[in-house]
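The values are calculated or read from the model by the stated rules, or taken from the named source; none is laboratory data. Being a predicted model, the structure only gives us computed values, none of them experimental. Cβ sites come from the backbone with ideal geometry, for glycine too, and all protein chains shown count toward neighbours. Areas reflect the complete protein model, heavy atoms only, side chains present, ligands, DNA and RNA absent. Shrake-Rupley method; radii C 1.70, N 1.55, O 1.52, S 1.80 Å.
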Amino acid sequence: MEDELEDRVLHQTYLSFMKILSRFSSSVALDTPTSYFWKMVRLYLLRSEVLIFTFGIVVVFMYLQTIGLWSRTLLSRLSHAVNPINAVQRMKLMEGSDADKQSWELKGSLSAVYAIRGRRMHMEDKFIINENINDTGISLFAIFDGHGGDFAANYAKEHLIQNLYNKVVELSAFKDGKLPETPKSESPDEHKKEEKENNISVERKSSFKKSVSTADDTSKKEITDPQLLAQLNKARPITREVRPIKPVKNVSVPLSSYILKGKINYGKLLTDEVLAADQLLVEAAKRSMNVAGTTALIAVLEDNNLIVANVGDSRGVMCDSRGNAIPVSFDHKPQQVREQKRIEAAGGYIAFNGVWRVAGILATSRAMGDYPLKDKNFVIANPDILTFNLEDHKPMFLVLASDGLWDTFSNEEAVKFIKERLDEPDFGAKSLTLQAYYRGSVDNITVLVINFMQEKYSTATVTE
């Protein structure tokens, strides 16, 4: 009985309070701006249907932001539509000082590259231009698009390219009979020195170098031989505890294994070097617990032969004599039937998170680095190799670019765009890069153009 009485008292008190509050809010005179604003809020903004609609809009925007569609398309397009001049001004800011650098460019004799940080906080794209390596008539070009930091891209740029350079020089001399096949034996003192260096944690510079020319620096030696892969596959399981990793002894491979019918077998060379560099990158990443990874797009030119090695989703496109876009590489995406079957056979899966991703994480199914996924064989570094005879296509130019370009340009659009600007000093590389930025690309953007329309390939070497 007392409980019922107490409930009635509380109920009556609540009703009295609400009536007083209602009378107070409704009795305010409407002759002041504050009272008028309050009345409008009560009549229109605090209605249930308005609140529900507002909540729905917030939920939709949060969902679009989560999957990346809002920032990639709607927001950037609206900002350009409302204030296009601001976008142009932002592009001009990319010519800033070295202290806050946002763009990089380099011009060779028949090639040019332009790269921008774009809308990203950090630059993770790296590129290489090396024309006529050591007067061999062989040229090397590469683009590395890092993710999760620039550790892997820097490692590939500094080590993989150095190893390829050294091997190309050695093989060219060996092919011409100027170099004996017997490899230099490693002395005990050199082996101890190498062990000491390998036990030191790997540190990489964060600065973005424009190019690499290693003609005057052949002292660095890296373990790159394919026989090492069997030993490196015995690496320990991943744990959060950082333990010293026993260095692997350098084993040399006969140079004759890379010679086929009197010519360098670039398919085997590129595959072996990429896989060996990836194994060493993974070991270095485990020592520092760095989960970064990178794509690798490498093009080698010798005489009329073009050899392209691709790992990941950077892409190359060639314009033939008729103006057609000829792909020289194909992206490695998790949703491709071949890649999906391989991932599932390894016990992994793909999931949609804005785009299809390996284990819901990585948007490319092949990469260098990425050791947590690499150890489970969800992600591999095996490159696809494509070889082209330039006499068959008589190309006008070749475009190599990171996916920051291909997010906003198709192959055909990029070829048409460069074709109309091939007479520019940088063969249209800068214009295409900035146009991709203007179209709303949110990634780092790197575009490298090789112009075949000029005279026979120059013997000049690009230096930094």
Determine, for each peptide in 346-354, 280-288, 334-342, 426-434, the mean count of other beta carbons within 10 angstrom over its residues, then list the peptides with the highest first.
426-434, 280-288, 334-342, 346-354
Residue list for the stretch 141-162, given a label point 7 angstrom along the Cα-to-Cβ vector of I326 and an amide N cut-off under 19 Å:
141
List the residues, sorted by chain then number, that are 5 or more residues from S111 or on another chain and whose placed amide H is less than 5 Å from its amide H.
N451
Whole-Hz Karplus couplings 3J(HN,Hα) for the stretch 393-399, θ = phi - 60° and coefficients 6.51, -1.76, 1.60, Gly and Pro as x, run 9, 6, x, 8, 6, 10, 10
Which order do the peptides 374-387, 296-309 come out in when sorted by mean C-beta neighbours inside 10 angstrom, highest first?
296-309, 374-387
Accessible surface, the stretch 285-326, averaged per residue in Å² (probe 1.4 Å):
26 Å²
Quick one: pull the percent of accessible area on the stretch 342-464 belonging to carbon and sulfur, 1.4 Å probe, ligands and nucleic acids left out.
50 percent
Which net charge results for the neighbourhood of G348, defined as the other residues with beta-carbon distances under 10 angstrom from its beta-carbon, given Lys and Arg at +1 and Asp and Glu at -1?
+1
At 7 Å along Cα-to-Cβ for each site, give me the label-to-label distance between A351 and F61 in nm.
2.7 nm
In whole Hz and in residue order, list the ³J(HN,Hα) couplings for the stretch 303-316 that follow from phi through the Karplus curve 6.51 cos²θ - 1.76 cosθ + 1.60, θ = phi - 60°; x for Gly and Pro.
6, 9, 10, 10, 10, 10, 10, 10, 10, x, 10, 6, 9, x
The FRET efficiency for E413 and M453, from their Cβ-Cβ distance with R0 = 22 Å and rounded to 0.05, is 0.65
Given Cβ point charges of +1 (Lys, Arg) and -1 (Asp, Glu) and nothing else, what value in debye, to the nearest 20, does the dipole of the stretch 330-453 about its Cα centre take?
380 debye
Can you tell which of I350, G293, N305 lies farthest toward the positive end of the dipole of the stretch 291-386, using +1 and -1 charges on the Cβ of basic and acidic side chains (Lys, Arg; Asp, Glu)?
I350
